[in-house]
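Take a look at the structure below.
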Amino acid sequence: MTDSANPRGLIYAQPMGDTPVSGLNGGRFLFATALLGAGVAISQFGSNGVEQAMICFAAGLVAIVAMADLSSPAKHNPQAAAPIREPEIKPISQHRDFTSFIDGLADPVLVLTGTNVRRANSAARKLLGEYCVGEDVRLVIRHPAAADLLVDTSAAAEGPIQLVGIGSRDQRWEMLVRDMPGGERILHLWDRSGVYAVERMRTDFVANASHELRTPLASIKGFIETLEDNEAGADPETRARFLNVMFREANRMQKLIDDLISLSRIEAEKFRVPDTPVDLPELMREVQTVLRHSHPERGADIVLDIGPDLPPLRGDRTQLSQLLHNLVSNSMKYGQAGTPVTMRLRSSRNGALVRLSVSDCGEGIAPEHLPRLTERFYRVDSSRSRAIGGTGLGLSIVKHIVERHRGRLEIDSEVQRGTTMTITLPADPRTPQIDGSGPNPDLTVPA
Ligand SMILES: Nc1ncnc2c1ncn2[C@@H]1O[C@H](COP(=O)(O)OP(=O)(O)O)[C@@H](O)[C@H]1O
Ligand SMILES: [Mg+2]
């Protein structure tokens, strides 16, 4: 048997040595020497030589015994004669670098002996308590789904199990327990909350989008059925009224689909930094003109306030136009009729940033809604938004455009006073200057 039988080299065995064989060979050599010595003595000393020969022969035999004794594996290498046995394998937690290794992991890791917590890395201590070491793991992770796995060592090979509510109430974890050499078990927790949230957002989004499309579709179908009725369909006034509603609902569906497509396009381009030169003041004037034509009554209230010394700007013109349309349309819709809707543009002192804002005087937004406004389909008043042609996607699109330009969106609002949406953009998104850590004196933008 050789060491190569165990790649980890944990089993020690006598290597296939040649010592005993060479010992025997040495013995035969001495035996032959003794015989030769005896022969020489007889030939030299005649009958007297028999005595000498016997002495030589005896000396040779003694030498053989001595050689055999010396070459005996037991005496030559006491280990070699011992039966092959597996040495004790050190528990994994006793490895010299084990603590620094598990402390370097971001996920919580426990080392268990039976159900006792032997070691806990810093992430585990932070999650389960500083004093979890030495405790019974069932008291440390008090979770019905985990209990079986923690007690039943044969269940450890099964796949991970889901745990909810460890740490904070909504946190979702996956837990895996695995046997380690040396009789210990490793318990590994990893946070799946982010994955779960994304998955939930995706299903919510599909449900919301379907709901938003189904409502106008149901309405259009209802009107078609009514118009098919000979009596109602024959009346020109009813017919005109119904067709008008159908047209409006179809427009709503189209607007929703357009916004959904925009959103997915912007998201798809998220990591491609926009770098085309854009004349933002010219774009602002264009948006003002377009909205004045499309909404003559409210469009007249749009005011431009463009500051001096603006730096050349890079970005995605189509997306910045969409951003302005969405913000100004909101101010026109939710601001009070007859009050100004102001588009303002300023440069930072060093010209690295621009600040673009859209303000209105109107109903404003209550503080509890502010954090959720950029969520898809979130509205303060859904039925009102729908009634005035809103999709609930406008601010979500704005947020994604701002993110793609490496900028920042701030919403200031006061109920019954009005709202200001401010976007801070780096003049060149390829060299962003915004870190979100508060005002930087060099980059201050005058109000
Ligand atoms: N300037 C504003 N003043 C008051 N409320 C606003 C303003 N802008 C947006 N909101 C609120 O934010 C919600 C989300 O806006 P948005 O995403 O553009 O969707 P919508 O299609 O409803 O306009 C709106 O429904 C409205 O309740
Ligand atoms: Mg809107």
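What follows draws every value from the coordinates through simple rules; no lab data is involved. The structure displayed is predicted, hence computed values, not measured ones. Heads up, the Cβs are rebuilt from the backbone with ideal geometry, glycines too, and the neighbour counts pull from every protein chain shown.
Report, in whole Å, the centroid distance computed from the Cα atoms of region 283-343 and region 108-169. Region 283-343 and region 108-169 have Cα centres separated by 57 Å.
Of the residues Pro281, His400, Gln433, the one whose Cα sits farthest towards the positive end of the charge dipole of region 272-443 is His400 (charges of +1 on Lys and Arg Cβ, -1 on Asp and Glu Cβ, taken about the Cα centre). The Lys126 and Arg417 beta-carbon pair, evaluated with R₀ = 45 Å, returns a calculated FRET efficiency of approximately 0.55.
May I ask for the net charge around Met246, where only other residues with Cβ less than 14 Å from the Cβ of Met246 are counted and Lys, Arg are +1 while Asp, Glu are -1? Residues close to Met246 contribute a combined charge of +2. Close amide H contacts of Val278 (hydrogens built in the peptide plane, cut-off under 5 Å, sequence separation of 5 or more or a different chain): Leu313, Arg314, Gly315.
Taking every alpha-carbon pair under 8 Å whose residues sit at least 6 apart, region 92-191 reaches a relative contact order of 26 percent. With each label modelled as a point 7 angstrom along the Cα→C-beta vector, the Ile89-Val198 pair spans 3.6 nm.
Model label sites at Arg142 and Asp229, defined 7 Å from Cα along the beta-carbon direction, differ in position by 6.3 nm.
Taking Cα centre as origin and charging only the Cβ of basic (Lys, Arg, +1) and acidic (Asp, Glu, -1) residues, the dipole magnitude of region 357-429 rounds to 300 debye. A Förster distance of 30 Å, applied to the separation of the beta-carbon atoms of Arg430 and Ser264, puts the FRET efficiency at 0.80.
Projecting label points 7 angstrom from Cα along Cα→Cβ for Leu217 and Met180 puts them 5.5 nm apart.
Could you state, as a whole-number percent, how many of the C-alpha pairs of region 209-306 are farther apart than 19 Å? When all Cα pairs of region 209-306 are counted, 67 percent exceed 19 Å.
Computed over region 254-399, the alpha-carbon pair-distance distribution with 5 angstrom bins reads 2, 9, 17, 21, 21, 18, 10, 3, 0, 0, each value a whole percent. With the cut-off at under 19 Å, measuring from each backbone N in region 334-373 to a point 7 Å along the Cα-to-Cβ line of Leu310 picks out 341-360. Got a sec? How would Val290, Val111, Val206 order by Cβ neighbour count within 10 Å, fewest to most? Going from sparsest to densest Cβ surroundings: Val206, Val290, Val111.
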